[in-house]
Structure formats: C-alpha cells, structure tokens
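The block underneath contains the structure these notes are about, expressed in structure tokens.
The values are calculated or read from the model by the stated rules, or taken from the named source; none is laboratory data. As the structure is a computational prediction, the values presented were derived from the model and not from experiment. Cβ coordinates were reconstructed from backbone atoms using ideal geometry, including for glycine residues, and neighbour counts include every protein chain displayed. With ligands, DNA and RNA removed, areas are computed over all heavy atoms of the protein, side chains included. Shrake-Rupley method; radii C 1.70, N 1.55, O 1.52, S 1.80 Å.
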Amino acid sequence: MPVVMIPTAYRGPTRGEAEVQVEASTVLGALEAVEAIHPGFLTQVVDGSGVVHRFVKLFINEEQIDSSDLDMELAESDRLEVLAAIAGG
C-alpha cells in the first residue's frame, strides 16, 4: 500500500503521525484516504475547489509532481510526500 508522508506542520489531524499507509491508486485517492482516517488533513493540502494550495508541493518517491496531477497513479510501493513550504520570520 502507498505511504503518505505528512510534514510536521500538518500533523495536527494525524496526532503526530509522520507516515500513513493507505489503500489508494491515485494521488488524490491517497490524500482522501488520509482524510478518512484523520479528518481535517485534506483541507491543509487542497482547497475547496480541489486545487492544491500554492504553498504545498507533492513528491512521489522524491520526485516532484505538478500540483495538477492529482489523478496520477500510485503503485503499491510508492511514497507520496506532502511538503509544506511555510515561511517564517
């Protein structure tokens, strides 16, 4: 099953869990599967119209994908990393 890697800033809904194993065949399916287990997660990544927030980057097996590729297929061994580009100061 694919694994979704959760950035520290988004671990509130996952109660600190850094990785969530999900049953999903697409990027969006994986994100929705995390949401089903940990309500409140998906809105941190995707807005109400289904578009990835501009400050979020997605990677499959350490390779960045375009934020519009939510229908990209995932293999059983894939690792989907959500990266939160959060500015501080």
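From the set of residues in the stretch 28-45 that are aliphatic (A, V, I, L, M) and farther than 10 Å from V82 by Cβ, which is least open to solvent (accessible area, probe 1.4 Å)?
Going through the qualifying residues, I end up with A33.
Residues in the stretch 9-27 that are closer than 14 Å to E81 by Cα and more than 12 Å from the chain's Cα centre (by Cα): how many?
So the answer is 2.
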